[in-house]
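Just below is one structure, and these are the notes that go with it.
The values are calculated or read from the model by the stated rules, or taken from the named source; none is laboratory data. In this text, all values refer to a predicted model and were calculated from it rather than measured experimentally. Virtual Cβ from ideal backbone geometry, glycine too; neighbours counted across all protein chains shown. Quick note on the areas: whole protein, heavy atoms, side chains included, nothing else; ligands and nucleic acids left out. Shrake-Rupley method; radii C 1.70, N 1.55, O 1.52, S 1.80 Å.
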Amino acid sequence: MPEAFIYDHVRTPRGRGKADGALHEVTALNLAAQTLAELKARNKLDTALVDDVVMGVVDPVGEAAADIARTAALVAGYGDSVAGVQINRFCASGLDAVNFASAQIMSGQQQLAVGGGVESMSRVGIGAAGGAWAMDPSIAVAHYFLPQGISADLIATKYGFSRDDVDAYAVESQNRAAAAWDDGRFDRSVMKVKDVNGLTILAKDEHMRPGTTMQSLAALKPSFVQMGELGGFDAVAIQAHPEVEYVNHVHHAGNSSGIVDGAAAVLIGNKESGAKTGLKPRAKVRAFANIGSDPALMLTGPVDVTNKVLKAAGMAISDIDLFEVNEAFASVVLRYLQAFKLDPAKVNANGGAIALGHPLGATGAMILGTLIDELERRDLATGLVTLCIGAGMGTATIIERV
């Protein structure tokens, strides 16, 4: 079977997902197109050799709809022969786009492809696409639908994480992200986003709060108390998990992922395409997997899918040098650390979505790139990236440096 090599990756900085965020004036299409154009330019890529562009988008409506991957490729100046498709697996869409592109390479049906994702959360609001899972009572009630914040608090309650635990993790995420930027660790992968006049409007992640302390977080009230107690979702959580007597609400804006805008792209190909383009591979895809998990707990999928992908790769958890676990909420990563008894220094070494933000459709591709960069910086060999997913799923990918 052909191997899928990762030749390069690029991402935008993450802009605050609000009307006053730096990227609010940039459409999702333009964010994706600028990212694809940057990938092309820095690799002097003959885009006629690219077979497909796969892009994750979680809310593919309005300006983010109508197969944004194909349109973005055209806007970015890729050849007319380059196909495009957008996919949606909620928060893992960007990673699965890379996995889907890799699968095409590994099957021998494609030679060179781009996987990535985009989300303009300041312009297309979270949940804009709707869906029966949350909206239709006949579906929601039967499957113990919970908003993700309630699920995160349920995880914290079930597995014993206190408010201090989740806040301490959030402070560490901010400190690591600030140190990574100060040390220039993102310089190679982060591009500048420009306006219609060609002027740079954002060159650095905008959501970070490097001065965050335990004291400043302690001043924030839990975000999901009213939703849980008055909205009835605590009762649903307890019904789904009767071993829990109550839900301890510990999450708030400071220890949850930030709402941001952003895009990312990863160039993937077989060995022959690298020879044609003169590119040197940086890593190869060792294995990837998806799994369904408890829909009420919802966000524990990374634990389940890690076991699955390790088995598929014939590896043990001790074979992995570094991990990227999406920081949807602090309890998600704390549960992952607890389940595998991992050294925290090996997980999210440069901070994560709590500090940097979570542009839903793009995050998976972004943190895959971060993992590659950090493996190279430390001269390590193997890494695993994983994300929790709405409706109770998990996606994971193992990469190995070349």
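Which of the residues spanning the range 3-46 are under 20 Å from E206 (Cβ atoms) and polar (S, T, N, Q)?
Scanning the range 3-46 gives T12, T27, N30, Q34, T35.
Which ones in the range 141-162 are buried (at least 19 other Cβ atoms within 10 Å of the Cβ) and outside any loop (DSSP other than H, G, I, E, B)?
Q148, G149, I150, S151, A152, D153, L154, I155, A156, T157
Anything in the range 1-32 that is among the charged types (D, E, K, R) and under 21 Å from A355 (Cβ atoms)? List them, or say none.
Within the range 1-32, R11, R14, R16, K18, D20 meet the criteria.
I need the full set of residues from the range 74-114 which are of a type in the set (A, V, I, L, M, F, W, C), in contact with a strand residue (DSSP E or B) (Cβ under 7 Å, 6 or more places away or on another chain) and assigned to a loop (DSSP other than H, G, I, E, B), in order please. If you could, list the steps in order and put the result at the bottom.
If we filter the range 74-114 for residues that are of a type in the set (A, V, I, L, M, F, W, C), which is where we start, we get 74-76, 82-83, 85, 87, 90-92, 95, 97-98, 100-101, 103, 105-106, 112-114.
If we keep only those that are in contact with a strand residue (DSSP E or B) (Cβ under 7 Å, 6 or more places away or on another chain) too, we end up with 82-83, 85, 87, 90-92, 95, 97-98, 100-101, 105, 112-114.
Of everything in the range 74-114, those that are of a type in the set (A, V, I, L, M, F, W, C), in contact with a strand residue (DSSP E or B) (Cβ under 7 Å, 6 or more places away or on another chain) and assigned to a loop (DSSP other than H, G, I, E, B) turn out to be V82, F90, A92.
Take the residues in the range 271-314 that are open to solvent by 10 Å² or more (accessible area, probe 1.4 Å) and of a type in the set (S, T, N, Q); name whichever of them is farthest from L334 (Cα to Cα).
T277
Can you say whether I87 is open to solvent by less than 60 Å² (accessible area, probe 1.4 Å), farther than 18 Å from G357 by Cα and touching a Gly at 6+ places or on another chain (Cβ under 6 Å), as far as the supplied structure shows?
Yes.
Just to be sure I understand the filter: pairs with C-beta atoms under 6 Å, separated by 6 or more residues or on different chains, first member in the range 341-362 and closer than 15 Å to T212 by Cβ, second member open to solvent by 10 Å² or more (accessible area, probe 1.4 Å) and among the aliphatic types (A, V, I, L, M). Which pairs pass?
A355/M208
Could you list all residues from the range 259-299 that are in a loop (DSSP other than H, G, I, E, B) and not aliphatic (A, V, I, L, M)?
Of everything in the range 259-299, those that are in a loop (DSSP other than H, G, I, E, B) and not aliphatic (A, V, I, L, M) turn out to be N270, G278, K280, P281, R282, S293, D294, P295.
Taking A330, is it of a type in the set (A, V, I, L, M, F, W, C) and either more than 18 Å from G394 (Cα to Cα) or at pLDDT below 95 (or both)?
Considered against the rule, which asks whether it is of a type in the set (A, V, I, L, M, F, W, C) and either more than 18 Å from G394 (Cα to Cα) or at pLDDT below 95 (or both), A330 comes out as no.
Could you go through the range 114-133 and let me know if any residue there is among the aliphatic types (A, V, I, L, M) and within 17 Å of H9 (Cα to Cα).
The first filter runs over the range 114-133 and keeps only residues among the aliphatic types (A, V, I, L, M), leaving 114, 118, 121, 124, 126, 128-129, 132.
From what is left, the residues that are within 17 Å of H9 (Cα to Cα) are 114, 118.
Yes, some residue in the range 114-133 is among the aliphatic types (A, V, I, L, M) and within 17 Å of H9 (Cα to Cα).
Sort out which residues of the range 319-353 are open to solvent by less than 10 Å² (accessible area, probe 1.4 Å), within 17 Å of the chain's Cα centre (by Cα) and more than 16 Å from A92 (Cα to Cα), and write them in order of number.
Across the range 319-353, the qualifying residues are L322, A330, S331, Y336, V347, N348, N350, G351.
Go over the candidates A72, A64, A92 one by one and state the one that is over 14 Å from A365 (Cβ atoms), in contact with a Leu (Cβ under 8 Å, 6 or more places away or on another chain), surrounded by 24 or more Cβ atoms within 10 Å (Cβ to Cβ) and touching a residue at least 12 places away in the same chain (Cβ under 8 Å).
Testing whether each residue is over 14 Å from A365 (Cβ atoms), in contact with a Leu (Cβ under 8 Å, 6 or more places away or on another chain), surrounded by 24 or more Cβ atoms within 10 Å (Cβ to Cβ) and touching a residue at least 12 places away in the same chain (Cβ under 8 Å) leaves just A64.
Can you name the number of the only condition in (1) surrounded by fewer than 21 Cβ atoms within 10 Å (Cβ to Cβ); (2) assigned to a loop (DSSP other than H, G, I, E, B) that G21 fails?
G21 satisfies every listed condition except (1).
Right, A4: open to solvent by less than 10 Å² (accessible area, probe 1.4 Å) and in contact with a Lys or Arg (Cβ under 9 Å, 6 or more places away or on another chain) or not?
So A4 fits the description; yes.
Report, by residue number, each residue of the range 109-140 that is closer than 30 Å to G274 by Cβ and open to solvent by less than 40 Å² (accessible area, probe 1.4 Å).
Once the filter is applied, which keeps residues that are closer than 30 Å to G274 by Cβ and open to solvent by less than 40 Å² (accessible area, probe 1.4 Å), the range 109-140 yields Q110, L112, A113, V114, G115, G116, G117, V118, E119.
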